[in-house]
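Colleague: Okay, handing you the structure first.
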Amino acid sequence: MSVTPEEKFQTGLMLELEGVAEKELDRHLAGADEWFPHQYVPWNQGRDFDGPLGGDGWEPGDSKLDGVARESLIVNLLTEDNLPGYHRAIADVFGRDGAWGTWVNRWTAEENRHGIVIRDYLTVTRAVDPIALERARMKHMEMGYEAAHGTAFLHGTAYVSFQELATRVAHRNTGRASGDPLCEQMLARVAKDENLHMIFYRNMVDAALEVAPNETMRAITEVVKNFEMPGHGIEGFLRKSVIIANAGIYDLRLHHDDVVQPCLRKWRIWDREFTGDGAKARDELAEFVAALDDAATKFETRREERRARQAAKQK
Ligand SMILES: [Fe+2]
Ligand SMILES: [Fe+2]
């Protein structure tokens, strides 16, 4: 099999950054506290369901959460449920060897806790219809997961930097919107993990910017321009994401202010020296981010107007 110059470049870069990956892995392991999903679930609220145990089937009145929090929790859980797809995608990018392989497996094991704890919470508290949830999970996972940028190392690493931060924001704000302190506590714990994951990937991109600034800059620009949430393949995602945006759990403003900009700032994108295509990519990014900011402001204005109209109607 012949190796393309692009593949050769990516492999060379990963070899060059292996020492950084090792350091980042050690830093992660030292900072990631052990935690236990079962300790975050209020088991005393649980009772048997219908089926083999002959308990009570789920009814809408069982759920104490409001509709928006429910939709958001479902999206967050289905996203976490698709872990086998992400595992494959990330293993295709990082491979199985050395610190990269160790990271892939550790990351996967940590991510698995998220689906466990959210599902247990939702089932025990009867927050959502468990049959609809299971059917949605089957459908979503059967579609698999396709990384937008294939196996490219720089694109893959840049994407997960933003994605981990995006899921951190989504979990944290879903917890707040739930109105249940136990749900908030559970999702705050999950969000803490996502933050640590983000730091690993973000530091890798930072190191890549030192070694291959122009190529890394190009990858960042393409990832920001084409960014989609990992759960975008969920059935009815568009409708659900509008509900989530209208509630301020995850919207364009948060995406711009709390996800895109913090990474770009941390990478000192605007202060670095780029040449050729790297310089061009940064210009494109500046233009895109300004347009994103404008779109976020327009969205906020429309949302405010809609809320004001609704409030006036209710008077
Ligand atoms: Fe997660
Ligand atoms: Fe994560």
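Colleague: Can you pull out the helices (runs of 4 or more DSSP H) entirely within the stretch 59-160 that have at least 2 residues that are of a type in the set (S, T, N, Q) and in contact (Cβ under 8 Å) with a residue 40 or more places away in the chain?
Modeller: 67-81, 98-124
Colleague: Further, regarding this structure: The conditions are (1) over 21 Å from the mean Cα position of the chain (by Cα); (2) part of a helix (DSSP H, G or I); (3) over 26 Å from G67 (Cα atoms), and R268 fails exactly one of them. Which is it?
Modeller: Result: R268 passes all but (2).
Colleague: Here is a further query. Quick one: L122 ticks every box in (1) surrounded by 16 or more Cβ atoms within 10 Å (Cβ to Cβ); (2) within 17 Å of the chain's Cα centre (by Cα); (3) within 16 Å of ligand 1 (Cβ to nearest atom) except a single one, so which number is it?
Modeller: (2)
Colleague: Based on what the data block shows, is Y201 more than 17 Å from the chain's Cα centre (by Cα) and surrounded by 19 or more Cβ atoms within 10 Å (Cβ to Cβ)?
Modeller: no
Colleague: Return the residue satisfying two criteria in turn: it lies in the stretch 204-222 and is hydrophobic (A, V, I, L, M, F, W, C) and more than 16 Å from ligand 2 (Cβ to nearest atom), and of such residues it is surrounded by the most Cβ atoms within 10 Å (Cβ to Cβ).
Modeller: It comes out as I220.
Colleague: Right, next: Does N173 fit the bill of being more than 26 Å from H256 (Cβ to Cβ) and among the polar types (S, T, N, Q)?
Modeller: Taking the combined requirement at face value, the residue does not satisfy it.
Colleague: Scan the stretch 175-189 and tell me whether some residue there is within 14 Å of the chain's Cα centre (by Cα), within 14 Å of ligand 2 (Cβ to nearest atom), touching a residue at least 24 places away in the same chain (Cβ under 8 Å) and within 30 Å of R135 (Cα to Cα).
Modeller: Yes, that holds for at least one residue.
Colleague: Hey, can you tell me all the residues within the stretch 258-268 that are free of Cβ contacts under 8 Å to residues at least 60 places away in the same chain and surrounded by 15 or more Cβ atoms within 10 Å (Cβ to Cβ)?
Modeller: Across the stretch 258-268, the qualifying residues are Q261, L264.
We did not get these values from a lab; they are worked out from the coordinates using the rules stated. As the structure is a computational prediction, the values presented were derived from the model and not from experiment. Counting neighbours? That spans all protein chains shown, and the Cβs are built from the backbone with ideal geometry, glycine included.
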